[in-house]
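The values are calculated or read from the model by the stated rules, or taken from the named source; none is laboratory data. These figures come from a predicted structure and were not determined experimentally. We work out accessible area using only protein heavy atoms, side chains counted, and drop any ligands, DNA or RNA first. Shrake-Rupley method; radii C 1.70, N 1.55, O 1.52, S 1.80 Å.
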Amino acid sequence: MKEKKVKTLAKQVFLDAGSQIQSHRKTELKLDGGFHLMDQVDITKDPAKEDPMLRKQLKRNKTDARRKLQNIQSTFDAKQLERELLDNDIFDDEAGSDDENKDKDKLDGENKDQDKNK
């Protein structure tokens, strides 16, 4: 074979083999979910129970997370309320414009009737 064909064939074999290896690794990860990594960890032993500093930090993180979540919720509630009020104002303005036009038309009609009677 010519050198160019050999290089092309070698490159293709390399890519195919790499794809197969990657596919097998993905399949293995899906099957065992990486649980083999947990074999060395004793899940019955909680480090926070033994380390008061860690326990204190975790408690602080939990409090901070709740506070931040509450702030986010409050912000979105305020924005939603503002949006609803704005939408209602726009709707009221549009409805008010129609009522004003009807009232104006009614007054114009009454004025014409009064002019005829004079």
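So that you can scan it fast, the table gives a plain yes or no per residue for (1) modelled with pLDDT under 85; (2) open to solvent by less than 100 Å² (accessible area, probe 1.4 Å); (3) in a loop (DSSP other than H, G, I, E, B); (4) of a type in the set (S, T, N, Q):
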residue	(1), (2), (3), (4)
13	no, yes, no, no
17	no, yes, no, no
22	no, no, no, yes
54	no, yes, no, no
58	no, yes, no, no
71	no, yes, no, yes
Per the list (1) modelled with pLDDT under 90; (2) hydrophobic (A, V, I, L, M, F, W, C); (3) in a helix (DSSP H, G or I), residue check on residue 1 breaks on (3)
